[in-house]
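Worksheet for the structure shown next.
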Amino acid sequence: MPELNNAFEIAQKQLDECAAILQLDKAVHQMLRVPMREIHISIPVRMDDGSIRVFQGYRVQYNNAKGPTKGGIRFHPDKTIDNVRAHAAWMTWKCALLNLPLGGAGGGVMCNPKEMSKPELERLSRMYVDRMSEVLGPDKDIPAPDVYTDPQVMAWMMDEYVKLTQRSQFGVITGKPLAVGGSAGRSDAAAMGAMYTIRQAAEEFGVPLAGATVAVQGFGNAGYFAAHLVSSMLGSKVVAVSDSQGGIHNPNGLDVEAVRKHKAQTGSVVGFQEAESIAHEDLLALEVDVLIPAALENVITGRNACEIKARIVAELANGPTTPEADAILNQKGVHIIPDFLCNAGGVTVSYFEMVQNAYMYYWDKDVVYERLDRKMSASYQAVLNASKRFSIDMRKAAYVVAVLRVIEAMKLRGWVY
Ligand code: NAD
């Protein structure tokens with residue numbers, strides 16, 4: 001049978017496995033298997049040459065039993081509805097796992113932002129909100145940044161919503177720049193959260209992090225900060241990083257800040273002088289203590305999982321490991337910190353941002369990090385305990401904890417019995 005690579009089918013398969021462990025009622029299982037609501041829009045945008053291009057956009061509100069839905073918006077040429085559904089499902093489990101009073105959603109636009117000018121991106125961002133405004137709101141559904149969307153895009157979207165509603169509801173969107181209601185610590189929140197879980201995993205499995213070797217796939221927002229934090233805060237050695245154009249490797253350790261500067265100047269990590277180039281597949285197979293996939297889905301597959309030599313795989317990206325690869329890694333004894341636990345720092349600080357927007361009172365960075373650490377560490381422990389209690393791997397354990405919490409909310413609200 002060909003390996004599953006449709007992100008939503010993978011998300012459903014993961015849920016099915018959890019349903020089997022928990023012996024879920026059929027109707028409850030079915031409700032959790034499909035999105036509560038999805039919106040498809042066409043987005044006409046005036047391009048700089050005067051022509052009109054129509055883009056396809058989506059928003060999937062997966063489950064709001066625990067509160068208003070929340071999830072990123074991705075601008076990507078390969079963004080399919082199934083991809084959005086998968087992200088919306090994972091957001092549901094992620095918010096529940098972190099004990100946030102939120103449901104899960106996801107969104108996206110099929111476009112290639114690298115080929116668009118800044119004014120074109122602004123018009124696209126504003127029109128997305130125009131077409132979606134009825135279903136968005138701080139008490140309905142709150143978007144955030146994801147791949148190829150950034151704080152500037154969030155600021156345009158927030159501004160459009162404020163204009164449409166004539167109310168300064170900055171909490172309609174998170175991941176905003178600091179000057180317009182963003183939270184301190186939001187930009188590196190996903191990576192900081194991952195670092196807290198890596199620290200817990202290393203302690204549990206006796207991997208000393210000072211001097212430990214780390215490879216990071218993807219050197220974007222999440223990947224860069226992960227590389228920066230593991231080297232600057234944990235004292236680990238980042239030996240390889242990559243982006244869409246290729247990878248670089250230096251067994252003695254890379255100067256992460258120098259790599260960042262090189263990428264800012266040239267557009268890629270490729271060509272960085274104090275390193276050899278390395279192919280995407282070879283980076284994944286490096287003999288390192290910690291591997292951090294921080295790019296896209298389905299990069300660790302049944303084909304390459306047996307090549308993975310890392311002791312800990314910290315899934316900063318969403319859905320980097322296929323179910324087939326999952327089974328192989330677990331059999332090899334690799335400790336996986338599953339995506340919706342590992343990268344939950346982003347949504348957790350997004351939630352902190354919503355709270356600060358509502359109170360119009362902003363916290364210092366230290367307060368944000370301290371509260372984030374508490375939430376991430378408690379969630380890691382909850383997953384580890386479930387893993388031991390049910391004798392299941394960490395991903396299944398994360399599902400068990402999260403799904404039980406969503407079901408509890410659905411029961412209390414009288415949706416299921
Ligand atoms: P980003 O757009 O800032 O970075 C993505 C990076 O991946 C880019 O450097 C790109 O060049 C690289 N890339 C693309 N294809 C690649 C390939 N085949 N091999 C190696 N690198 C490749 O996006 P981001 O915000 O850093 O998100 C990355 C992942 O982390 C996504 O899965 C996202 O859902 C997840 N995530 C991000 C956040 C956040 O707050 N940024 C939070 C949670 C999860």
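The values are calculated or read from the model by the stated rules, or taken from the named source; none is laboratory data. Note that the coordinates shown come from a computational prediction; the quantities given were computed from them, not determined experimentally. All Cβ positions, glycine included, derive from the backbone under ideal geometry; neighbour counts span all protein chains shown. The area values use the complete protein model at the heavy-atom level, side chains included, leaving out ligands, DNA and RNA. Shrake-Rupley method; radii C 1.70, N 1.55, O 1.52, S 1.80 Å.
Quick one: what pairs do we get from region 120-149, first residue under 17 Å from residue 167 (Cα atoms), second modelled with pLDDT under 95, C-beta under 6 Å, 6+ apart or different chains?
Sorted first by the residue in region 120-149, then by its partner, the list stays empty.
What tally of residues in region 26-46 results from selecting those that are among the polar types (S, T, N, Q) and out of contact with any Lys or Arg (no Cβ under 9 Å at 6 or more places or on another chain)?
Pass one, region 26-46, residues among the polar types (S, T, N, Q): 30, 42.
Of the ones still in play, those that are also out of contact with any Lys or Arg (no Cβ under 9 Å at 6 or more places or on another chain) are 30.
Number satisfying all stated conditions: 1.
If only one of 28, 129, 45, 84 is closer than 16 Å to residue 340 by Cα, open to solvent by less than 20 Å² (accessible area, probe 1.4 Å) and not small (Gly, Ala, Ser), which one is it? Spell out how you get there, then give the answer.
Working: 28 fails: closer than 16 Å to residue 340 by Cα; 129 fails: closer than 16 Å to residue 340 by Cα; 45 fails: closer than 16 Å to residue 340 by Cα.
Only one candidate qualifies: 84.
So, of the residues in region 262-276 that are within 22 Å of residue 211 (Cα to Cα) and surrounded by fewer than 18 Cβ atoms within 10 Å (Cβ to Cβ), which turns out to be nearest to the ligand (Cβ to nearest atom)?
276
Please pick out the residue among 131, 123 that is within 29 Å of residue 218 (Cβ to Cβ), in a helix (DSSP H, G or I), of a type in the set (D, E, K, R) and touching a strand residue (DSSP E or B) at 6+ places or on another chain (Cβ under 6 Å). Full working, then the answer.
Numbers: 131 fails: within 29 Å of residue 218 (Cβ to Cβ).
Of the residues listed, the single one that is within 29 Å of residue 218 (Cβ to Cβ), in a helix (DSSP H, G or I), of a type in the set (D, E, K, R) and touching a strand residue (DSSP E or B) at 6+ places or on another chain (Cβ under 6 Å) is 123.
Would you mention how many residues in region 353-373 are open to solvent by less than 10 Å² (accessible area, probe 1.4 Å) and within 16 Å of the ligand (Cβ to nearest atom)?
Selection size over region 353-373: 3.
With respect to residue 36, is the statement that it is modelled with pLDDT of 95 or more, surrounded by 14 or more Cβ atoms within 10 Å (Cβ to Cβ), among the hydrophobic types (A, V, I, L, M, F, W, C) and within 13 Å of residue 89 (Cα to Cα) true? Step through it out loud before you land on a result.
Values: modelled with pLDDT of 95 or more: yes; surrounded by 14 or more Cβ atoms within 10 Å (Cβ to Cβ): yes; among the hydrophobic types (A, V, I, L, M, F, W, C): yes; within 13 Å of residue 89 (Cα to Cα): yes.
Here the answer is yes, as residue 36 does meet what is asked.
Quickly run through region 322-343 and pick out the residues that are part of a helix (DSSP H, G or I) and not hydrophobic (A, V, I, L, M, F, W, C). Outline the logic, then answer.
Going through region 322-343, the residues part of a helix (DSSP H, G or I) turn out to be 323-332, 339-342.
Correct list: 323, 324, 326, 330, 331, 332, 339.
On the basis of being modelled with pLDDT of 95 or more and within 15 Å of the ligand (Cβ to nearest atom), does residue 330 make the cut?
Values: modelled with pLDDT of 95 or more: yes; within 15 Å of the ligand (Cβ to nearest atom): no.
So residue 330 fails the test.
When the residues of region 307-327 are narrowed to those that are touching a helix residue (DSSP H, G or I) at 6+ places or on another chain (Cβ under 6 Å) and more than 16 Å from the ligand (Cβ to nearest atom), which ends up least open to solvent (accessible area, probe 1.4 Å)?
312
Here are some residues: 331, 356. Which one is within 24 Å of residue 182 (Cα to Cα), polar (S, T, N, Q) and out of contact with any strand residue (DSSP E or B) (no Cβ under 6 Å at 6 or more places or on another chain)?
Values: 331 fails: within 24 Å of residue 182 (Cα to Cα).
The conditions single out 356.
Does residue 286 satisfy being crowded, with 19+ Cβ neighbours inside 10 Å, over 23 Å from the mean Cα position of the chain (by Cα) and not aromatic (Phe, Trp, Tyr)? Give the steps one after another, and end with the answer.
Numbers: crowded, with 19+ Cβ neighbours inside 10 Å: yes; over 23 Å from the mean Cα position of the chain (by Cα): yes; not aromatic (Phe, Trp, Tyr): yes.
It is true that residue 286 is crowded, with 19+ Cβ neighbours inside 10 Å, over 23 Å from the mean Cα position of the chain (by Cα) and not aromatic (Phe, Trp, Tyr).
Hey, among 89, 65, which residue is away from the ligand (no atom under 16 Å from the Cβ), closer than 20 Å to residue 408 by Cβ and open to solvent by less than 10 Å² (accessible area, probe 1.4 Å)? Walk me through it before giving the result.
Values: 89 fails: away from the ligand (no atom under 16 Å from the Cβ).
None of the others qualify; the one that does is 65.
So, in region 212-223, of the ones that are surrounded by fewer than 24 Cβ atoms within 10 Å (Cβ to Cβ) and at pLDDT 95 or above, which residue ends up nearest to the ligand (Cβ to nearest atom)? Before the answer, list the steps.
Going through region 212-223, the residues surrounded by fewer than 24 Cβ atoms within 10 Å (Cβ to Cβ) turn out to be 212-213, 220-221.
Pick out the ones that are also at pLDDT 95 or above and you get 212-213.
Values: 212: 21, 213: 18 Å.
The residue in question is 213.
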